[in-house]
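Since the structure comes first, as structure tokens, the remarks are kept for the end.
Taken together, the values in this text are just the output of simple stated rules run on the coordinates, not laboratory data. All values derive from a computational prediction rather than experimental measurement. Don't worry about glycine lacking a Cβ; one is built from the backbone with ideal geometry, like all the others, and counts go over all protein chains shown.
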């Protein structure tokens, strides 16, 4: 027992004995060095926070400018579109003052062309203000663009009237007169 127990006992004793690296080391505590390290850590965090704050302010300005520029762009879209269309209408002159036009179910005579809108006087005396953006981007029918134009009329002849009366009525209508009564 002396042989086996001593060898096992020494192995157990050596396994439980602390190594040199496991023993608590002695710390050389210098209060000034500890304060200096804490000061440098705090200083680094304060500098970092101030840089982050400046970056957030700059980012907020850029985001604010981006959002506001989009909002301003949408707000002034129609105004700028009408103004630019008005300038193009005045330069290209597809419609002139005094022309009879049809646009957006409004029919009348052009009274004025401004940079923002075209003013039309309808045949029943109403004044219509059409934004130039509409008059430039949509179809406009100019009825007085040519000196002559073709018209189509339906005419009827009564059963008791002869074909000669229909011919006279047609000729008189084309010349601006009224047809003579049938003989």
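Estimated from the Cβ-Cβ distance and a Förster radius of 45 angstrom, the FRET efficiency linking residue 60 and residue 106 is about 0.40. The gain in end-to-end length when the residue 48 to residue 124 segment is fully stretched comes to 19.9 nm, 0.36 nm per residue minus the alpha carbon separation. The mean sequence distance of close C-alpha pairs (under 8 Å, at least 6 residues apart), as a share of the length of region 83-143, puts its relative contact order at 34 percent. For the pair residue 90 and residue 114 in one chain, pulling the backbone fully straight at 0.36 nm per residue adds 7.8 nm over the alpha carbon distance. Cα-based radius of gyration for region 49-90, normalised by 2.2 N^0.38 Å, reads 1.93.
Using a cutoff of 8 angstrom between alpha carbon atoms and counting only pairs six or more residues apart, the relative contact order for region 39-183 works out to 15 percent. Applying Stokes-Einstein at 10 °C and 1.306 mPa s to the Kirkwood radius of region 31-183, computed over alpha-carbon pairs, gives a translational diffusion coefficient of 70 µm² s⁻¹.
Order these peptides, 126-134, 142-150, 76-84, by their mean beta-carbon neighbour count within 10 angstrom, highest first.
Top of the packing list down: 126-134, 76-84, 142-150.
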